[in-house]
Amino acid sequence: MQAPCIRIKMLGEFQVTVNGAVVGDSTRSNQIWNLLQYLVAFRHKVITQEELIDAMWEDGTGDPVGALKNRVYRIRNLFAKTGVPGTRDVIRFSAGAYCWNNDLPCEVDAEQFEALCEKAMRPGLAQKEQIALYRNAVDLYGGDFYRQPIL
């Protein structure tokens, strides 16, 4: 079985595709997309439940723990609807903390953009190579890092 290819656009817009199929829902609920964006932006970090609640529930009212669990459940179901095995486990939970499942192959345009720019700035690189790397970075750039307002 081939691993899924998850591609995430965060420059200019926020879009997730799995093997070319757009991951989405008919309601386009800001809350679940905000959580997904946060987890992707910090995908190399384990984030405690408290950190997520502080970041996403500024007023502290209601049941933020239950709401967080519900949002994670909804995100997992969106990925499961792609029909690609393993994508339902896109978000992991362990010892009171959440994280993006980095075992799933994932390409994030913002990370690719940054890597191309860093590579182009290496000392001793020929100007022709630098220009090619910067052009590739510009091709990836779709606009500022996308941040949907937290509701």
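Look at the alpha carbon pairs under 8 Å that are at least 6 residues apart: their mean separation over the length of segment 6-107 gives a relative contact order of 33 percent. By other beta-carbon atoms within 10 Å, ranking 69, 45 with the fewest at the front produces 45, 69.
Under a Cβ-only charge scheme (Lys and Arg +1, Asp and Glu -1), can you give me the dipole magnitude of segment 33-121 about the Cα centre, in debye to the nearest 20?
Working: 10 positive and 13 negative charges, 101 e Å.
Around 480 debye, computed over segment 33-121.
Summing Cβ point charges (Lys, Arg +1; Asp, Glu -1) relative to the Cα centre of the chain gives a dipole of roughly 460 debye.
Estimated from helices alone, the mean residue ellipticity of the chain at 222 nm is -13000 deg cm²/dmol (sum of -39500 (n - 2.57) over DSSP H runs with n ≥ 4, per residue).
Comparing mean-square fluctuations of 132, 80, 95 from a GNM of the chain with C-alpha springs under 10 Å, the top value falls on 95.
Partner lysines whose Cα lies under 24 Å from the Cα of residue 69, excluding those fewer than 8 positions away in the same chain, are identified as 45, 81.
Read the figures in this text as sums done on the coordinates, not as results from a lab. Everything numeric in this text was worked out from a predicted model, so none of it was measured. FYI the Cβ positions are ideal-geometry reconstructions off the backbone, even for glycines, and counts take in every protein chain you see.
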